[in-house]
Amino acid sequence: MRADERDMPPRTGDERASLSGFLQYQRETLAMKCAGLTTAQLRTPAVPPSELTLLGLVRHLAEVERSWFRRVLKDEVAPPHWPGPNPGEFAEFDVAEADPDEAFRVWEEECARSRATVEAAESLDITGSHGEELFSLRYVLTHLIEEYARHNGQADLLRERLDGATGE
């Protein structure tokens, strides 16, 4: 995806449209950072000792979408896509043998489910819980914008290291 193909967030609009638009823009930025790379490049770590990869970020953000929208907001039983060897552990960053097509398919499916959850919500004030803590849809959208933005900064550095491509 080229930068000019991303949907710009609305410059005017209500809170739901603004938050949803900024989140979608961040999702599309991640896709853009990964576009055109080989499997080997997607699996290549940034710099030692870091094991962070673009493919790991895609898998991680699929799990973030799953956790916040399906588990917290909808109270669904939604086990991790890439469970770790021990209960409560996750393996989304273990990408040595990971299939990029599967990772992007899972991520895109989770994003679509998340968008449907937002569209179906009566208001941004609906809540879900994790343990004893309550979280509004407004909080979740804001948190995911922050989560993607932070990881997109990492993705920018990873991409620059791989082939010199920088910026949005």
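Can you work out which of the residues in the stretch 119-140 that are touching an Asp or Glu at 6+ places or on another chain (Cβ under 9 Å) and part of a helix (DSSP H, G or I) is surrounded by the most Cβ atoms within 10 Å (Cβ to Cβ)? Checking each candidate, the answer is L137. Number of residues in the stretch 76-118 that are exposed (fewer than 11 other Cβ atoms within 10 Å of the Cβ) and either in contact (Cβ under 8 Å) with a residue 40 or more places away in the chain or on the phi > 0 side of the Ramachandran plot (or both) equals 2. Do we find that L134 is closer than 27 Å to T44 by Cα and modelled with pLDDT of 95 or more in this structure? The answer is no for L134.
Considering the stretch 1-58, and only residues there that are part of a helix (DSSP H, G or I) and β-branched (V, I, T), the residue that is surrounded by the most Cβ atoms within 10 Å (Cβ to Cβ) turns out to be V58. The single condition from (1) part of a helix (DSSP H, G or I); (2) under 22 Å from K33 (Cβ atoms) that A165 fails is (1).
Scan the stretch 65-94 for residues that are part of a helix (DSSP H, G or I), touching an Asp or Glu at 6+ places or on another chain (Cβ under 6 Å) and of a type outside the set (K, R) and the total you get is 1.
Whether a residue is surrounded by 12 or more Cβ atoms within 10 Å (Cβ to Cβ), closer than 18 Å to L144 by Cα, among the aliphatic types (A, V, I, L, M) and under 12 Å from the mean Cα position of the chain (by Cα) was assessed, and L73 does not pass this test. Among (1) modelled with pLDDT under 90; (2) closer than 15 Å to A149 by Cα; (3) small (G, A, S), which single condition is G13 missing? In the conditions (1) modelled with pLDDT under 90; (2) closer than 15 Å to A149 by Cα; (3) small (G, A, S), G13 misses (2) alone. Would you check if R113 is among the basic types (K, R) and touching a Leu at 6+ places or on another chain (Cβ under 9 Å)? Spelling it out, it is not the case that R113 is among the basic types (K, R) and touching a Leu at 6+ places or on another chain (Cβ under 9 Å).
When the stretch 95-114 is filtered for residues that are outside any helix (DSSP H, G or I) and touching a helix residue (DSSP H, G or I) at 6+ places or on another chain (Cβ under 9 Å), the ones remaining, listed by number, are V95, A98, D99. For E168, the requirement of being exposed (fewer than 15 other Cβ atoms within 10 Å of the Cβ) and at pLDDT 95 or above is not met.
The values are calculated or read from the model by the stated rules, or taken from the named source; none is laboratory data. If you're wondering where the values come from, they're calculated on a predicted model, not measured in any experiment. Counting neighbours? That spans all protein chains shown, and the Cβs are built from the backbone with ideal geometry, glycine included.
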